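The structure appears below as C-alpha cells.
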Amino acid sequence: MSKEVRKFEAETQKVLDLVIHSLYTNKDIFLRELVANAADAIDKVRFEALKDTSLAEDWGIRIEVDDKAKTLKISDNGIGMTRDEVVENLGTIAQSGTKAFLQAIEEQKAAGKDIPELIGQFGVGFYSAFMVADEITVETKKAGYDGKGVRWISKGDGEYSLEDIDKEEHGSVITLKLQKEAEKYLQKWTIKEIIKKYSDFIEYPVRMKDTVKEPKEGSEGKDEKDIEYVDVEKDEVLNSQKAIWLRNPSEIKDEEYQQFFKHISHSPEDALKTIHFSAEGKTEFKALLYIPSKNPFNMFMPDTKKKNLHLYVRRIFITDECPNLVPEYLRFIDGVVDSSDLPLNVSRETLQDNPTIEKIQKNIVRKVIGELKKIKDKKPEKYEEFFKEFGRFIKEGVYADYSNKEKLQELLLFETMNQEPGKLISLKEYIDTMPSEQKDIYYIIGESRNVLENSPHLEIFRSKGFDVLFMTDPIDEFVASGMFEYEKKQLKAVGKGDIDLGEEKKDDKEKDEDLKKEYNTLLEVIQKKLDENVKEVRFSKRLTDSACCLVGEAYDQSPYMQRIMKSMNQEMPKTKRVLELNSEHPIVKSMKKLYEVDSENKKIGEFAELLYDQALLTEGSPIDNPLDFSKRVADLMVLGLDKEVKEKGSDK
C-alpha cells in the first residue's frame, strides 16, 4: 500500500496540543513511558511464545543515541502492530479516556499541580514523547504476521503518515528527532540515570552501547603505569532486572519498594502501605501489594481505570486483566502476584474459573483487610486520610462481600451530627459515646452535611443528646440497608418508620390519644387534599421546632437516592410517604382554629400544600410547582405585613 496521510481525531489532537505546548517541570517521564510500553509489548509476545515456540527469543529493549542526527531510538522485539493497530493505537485515544484526561489536566492546572503526574494513567504515555521531539517515527511489525511492516511518522501537528515497509523482525522501533532544547537526552549518563530511576525493575534488559576504556592487547603482566587503554564500544545493561517480589523482604529498602510502586502505578506519590508476603501449602505464590495513598482520577471510570494487579507464573508475565485476582471493591490495590501453581500455558479466558485464582484472592483479601485494620488502630490519622480517598471502595465491600462483611464494617468511618465537620469516626467510636438510654444506631442520608444538619428529622435526637451518622455518599444507601445491625445494635434511619426513643410514659400515651381526637377531622382534611402525594398525615415524635417533615417506610429508598436514580433516567415508581406534623407548632394550631371557625375555607387546603412543599424543601427535594409555592408565600407575606402595619398604626 502506498504512503497515505491521515489526520488525528479531534480529541487526540487536543491531548497532543496540551502535551506539546503545556509547561512541564519534568520531561524525563517520556523515556519511562516508552520503555514501559516496550516492556508491555514484550510481555504480550512472550505470552504468545508459550504457544508458538518460534517466537521465543532473547527478549530485550535497546536505546540508541545518534549525536550527529540528534535522534534517540527505542526498540524492542515485542508483539508489534499491524497497520490497523497502528491507526487504532497511535491515531486515536480510545473510549472515554481522552475526555477524562483533559478534565483531569484542567483540575491539575487549577490546583497548581504539575501535569506529568497524569501521564500513564490514561493510555496517553506514547504522546509524552512529543514533549521532547519535533518528529516521531514508528516502524513496527506484528509477531507471527507474514506481511509487511508499517512506518508511522508525525510531527504532532494534526496529521500523520502511514506507509508499508520491509521489516524482517517483529517488534517496534521508535525514533525521536529531538528538539534543540531536549538534546540533553543524547547524553548517555542522563539516559542511564532516568532508566535507573524509573525502569530499574523492568524484567527485560534495557541495553545501550557505551564507550569504555579497556587495556590494549598485550598489556597483560605490565605494571599499572605502563598499561595503555583504548576506547571500546560495549553493550551495557542499564537496569538491574531484579524481580523485587522474589527477593527477601528483609533485604529490600523502603526506597526500593516505593520506586517499584511508582513504576507499576505511574503514581507520583509514595504508597501508604507495602504488603510483601509468600503463601505456602496447598497454594503457593508470592505477592507484593501496595495500598496507595492517593486515588487516581480514573479509578471510578470503568473504561479507563488502570490495570493494577499483574499476574505472573514463575516470573513470566501472564496478564494484567484478571478480575478474579481481587474482588472489585479492592481494585485500588497495585502490585504483582507470582504463582507457582498455575500452568504456564494458562489462557486469559480459563483464568476466571481456575480454583487457584480463587484461593489466591482469599489470601489477598485477608491480608489487605488485616493491614488496613492495623493502620486504623495504630495510625488513625493516616487511616482517616486513606478513607477520605478510598472509603467508597470499602463501602462497596460491606455491601458486596458477605463473607468479610463484619471485618469491613470495622473499617467504616462516618461524619456525625455531634462531631465537627470533616471529622470521621468509626461505628465502635459511635457506640462508645452513646448515652446509656440510646438503644440503636441512627443515621440520615443526603447529598451534603449542610443539607443534613438542617433536617427537621434531627430535632428530637439533638434535644436528647443522641448522635446521628451522616451518610452523604450514594453508596451509603446500599451499605445501610445491608448492614441491619452492628454489635447487636440496629441501624435505623431517622427519616423512616415510627421512632421509639425509649419507654413511652403513660401521660404521653394519653396526650397522643387526646391529640388524635382533637385534630382527627383536620388531619383527614389535610390527608384528602394531599392524597396524591401522601399516604398518611399524623403527629410527629421527631419534631421539636419545625412544623412538618416527610417520613418513609422502613425499606423505602431515601429521597436522595430517588433523585440520583431519576438523574440517571431510571424509572422510579411514585412512593407516597407520611407527612408528620408538630402539634405544638403555631402554624398547626392556627390551622386548627381556622378549621373550627370555617371548615370550608380554601386557605386550609393551600396551607396543607404549603406544608408539604416546605417538607420537600427542607430535605433537599424539588417541589412540583415552584410558581404556586412562591405565590402562596407572597400572599402570606402580604398578610403578615398588613397585620404589622395595622398594629403599628393602632400604636400611634
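Rounded to the nearest 20, the Cβ-based charge dipole of the range 122-270 about its Cα centre (Lys and Arg +1, Asp and Glu -1) stands at 300 debye. Placing pseudo-labels 7 Å out from each Cα toward the beta carbon at GLU269 and ARG449 gives an inter-label distance of 1.9 nm. In whole Å, how far is the Cα centre of the range 358-403 from that of the range 29-52? Centre-to-centre (Cα) distance: 32 Å. Separation of the range 598-630 and the range 428-457, taken as the distance between their Cα centroids, equals 28 angstrom.
A dipole drawn for the chain from +1 and -1 charges on Cβ atoms has a positive end, and of THR521, LEU639, ALA271 the residue lying farthest that way is THR521. Helix 626-651 versus the longest principal axis of the chain: what angle, 0 to 90°, nearest 10, using Cα atoms? Between helix and principal axis, roughly 50 degrees. The alpha carbons of the chain stretch over 123, 58, 50 Å along the principal axes, in descending order.
Between LEU412, GLN187, TYR127, the Cα set farthest toward the positive side of the dipole of the chain (charges on each charged residue's Cβ, about the Cα centre) is that of LEU412. Summary value for the range 205-339: 19 percent relative contact order, contacts being C-alpha pairs under 8 angstrom separated by 6+ residues.
Helix 355-378 axis versus longest C-alpha principal axis of the chain: approximately 60°, rounded to the nearest ten.
The calculated FRET efficiency for PHE484 paired with ASP432, based on their beta-carbon distance and R0 = 22 Å, is about 0.60. Relative to the longest principal axis of the Cα atoms of the chain, the long axis of helix 602-618 makes an angle of roughly 30 degrees. Taking 0.36 nm per residue of sequence separation and removing the Cα-Cα distance, the VAL633/LYS603 pair yields an extension gain of 9.6 nm.
Diffusion coefficient (Stokes-Einstein, Kirkwood radius over C-alpha pairs, 25 °C, 0.890 mPa s) for the range 244-385: 156 µm²/s, rounded to a whole number. Say the dipole of the range 244-385 comes from +1 at the beta carbon of Lys and Arg and -1 at that of Asp and Glu; which of PRO327, THR283, ASN308 then lies farthest toward its positive end? Farthest along the dipole direction, towards plus: THR283.
Both radii were evaluated on the Cα set of the range 368-475; the Rg over Rh quotient, with Rh as the Kirkwood radius, amounts to 0.97. Between LYS566 and ASP235, the contour length at 0.36 nm per residue exceeds the alpha carbon distance by 112.8 nm. Normalised by the residues of the chain, what does the relative contact order come to in percent, with Cα pairs under 8 Å and at least six apart? After rounding, I find 8 percent. Placing pseudo-labels 7 Å out from each Cα toward the beta carbon at ALA56 and LYS253 gives an inter-label distance of 3.8 nm.
Working note: 222 nm ellipticity from helices only, DSSP H runs with n ≥ 4, each -39,500 (n - 2.57), summed and divided by the residues of the chain, gives -12000 deg cm²/dmol to the nearest 500. More than 17 Å apart: what percent of Cα pairs in the range 130-170 qualify? It works out to 37 percent of all Cα pairs.
Throughout, read-outs are computed from the coordinates displayed, never taken from laboratory work. What you see is a predicted model, and the numbers here were worked out from it, not measured in a lab. Quick reminder, even Gly has a Cβ in these numbers, built from the backbone with ideal geometry, and neighbours come from all protein chains shown.
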